[in-house]
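Below you'll find the structure, written out as structure tokens, and then a few comments.
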Amino acid sequence: MEKPGEHTKTVFGPRFTSSISKEEFVTLILEKAHTQKQKSQSKACWLKVIPKVRNTKSTQSKTGHKGKIMKIKSVPVKSSEITPKETYLSRRDFLKQMGIVTAGAALLAACGAPADDMPASPVDPNLPTAEAAPAPPDELTDHEAVINYNNYYEFTTDKERVATLAEDFISSPWTVEVSGMVNNPKTYGVEDLLANFTQEERIYRMRCVEAWSMVIPWNGFTLASLLKEVEPTSDAKYVRFETLADPDQMPGLKNGLYPWPYQEGLRLDEAYNDLTLLATGLYGEALPGQNGAPIRLVVPWKYGFKSIKSIVKIELTDEQPATMWETIAPNEYGFYANVNPGVDHPRWSQASERRIGELKRRPTLMFNGYAEEVAHLYEGMDLTKSY
Ligand code: MTE
């Protein structure tokens, strides 16, 4: 039963509600616009890896994970590419303002927006298109938004409760098993990963399949550096990733609708691409539990659901791995999941996106703006079929 001022929507059966009224929406928009105007900043640089060694830095997360970030290499970006920390932190409020987020869970919607908020094409003709309005500069998303509005179904499908439920998540000690078609299988403690591989800071755009986006400063190391050490055999063609499935810590695992454990996969050449990161921190701090402590994948040219969290297993294989979202809804979530403004999701357009903290939509860029680095991986492929 809808209460006054609430909007109820149905996605794949389950119902969820938004508790924001039209008046609140308008007020919040105006407040946000005012705050954002005061926050603009800029400094040039983007995606040229400049090997710049920083001082060794200790990190200690709330979840108990302690690690040393060694040999840090920073990846310069336009600081205007970075979403301000405050905006990152207030992502939930912003999404509410934009009417994108509802209070409850959107079942079977990777990344979190109610499916019918973002109509499939044709796109709203009043929205700016790539031709009419070139992408404005990027800004960092607020830290608070990044750590307080999460998708982590092992805890809950309610994005606003993940942070609380993951507060005491035990992410130390932690091991990652690297096995399968490799010459040197090995089980690494996270402290070995931090000490043995060059840690870098990478500022990446993140584009959710539900057409919102952020810019996040990650800390981590390239998956390629790990793969080189374990030496995939000549038969290996894919990398499969698996998340911890611990029912004592993760109440969402009781939800039998999902084929646990959460799994993801990459083709080997995607895994070797220099952009592909195993992240151990964000905003210069160890990863919080809700963001996938102590180690998660970040693949910036793909939709956010590829970024599998709290990895315990990495397996090299010769078969394309089953992924959780593709298993659940293969017509909606493909194995590749490349950001592509020309290929709509069956339930919403991918032509434009709403950057958290901005009022106007911006055009979505092919491969999320990383075409120069990754387009060659997909030459000759029909991306409408391999989506
Ligand atoms: N990894 C696991 N293990 N479980 C999940 O539910 N959700 C995915 C991805 N990785 C998810 C996951 C989705 S749908 C998104 S959009 C991102 O994590 C969200 O990452 P964030 O909460 O750090 O923004």
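Every number here is computed from the coordinates shown, using simple stated rules; none is lab data. Bear in mind the structure is a predicted one, so any value in this text is a computation, not a measurement. Ideal geometry is used to build each Cβ from the backbone, glycine not excepted, and the neighbour counts take in all protein chains shown.
A few points about this structure:
- Neighbours of E326 by Cβ distance under 12 Å: Lys/Arg scored +1, Asp/Glu scored -1, total -1.
- Exposure proxy shown here: for E264, E285, the number of other Cβ atoms within 10 Å sets the order, fewest to most, as E285, E264.
- Panel order for E373, E200, E139, by other beta carbons found within 10 Å of each beta carbon, from fewest to most: E373, E200, E139.
- Charge tally for A236 (other residues, Cβ to Cβ under 10 Å; Lys, Arg +1; Asp, Glu -1): -3.
- Charge sum, other residues only, whose C-beta stays under 14 Å from P251's C-beta, Lys/Arg counted +1 and Asp/Glu -1: -4
- Shape of region 240-387, Cα gyration tensor, a/c cut at 1.5: rounded
- The slack between K254 and T384, meaning 0.36 nm per residue of separation minus the straight C-alpha distance, is 43.3 nm.
- Proxy reagent accessibility, fewest Cβ within 10 Å first, across V182, V339: V182, V339
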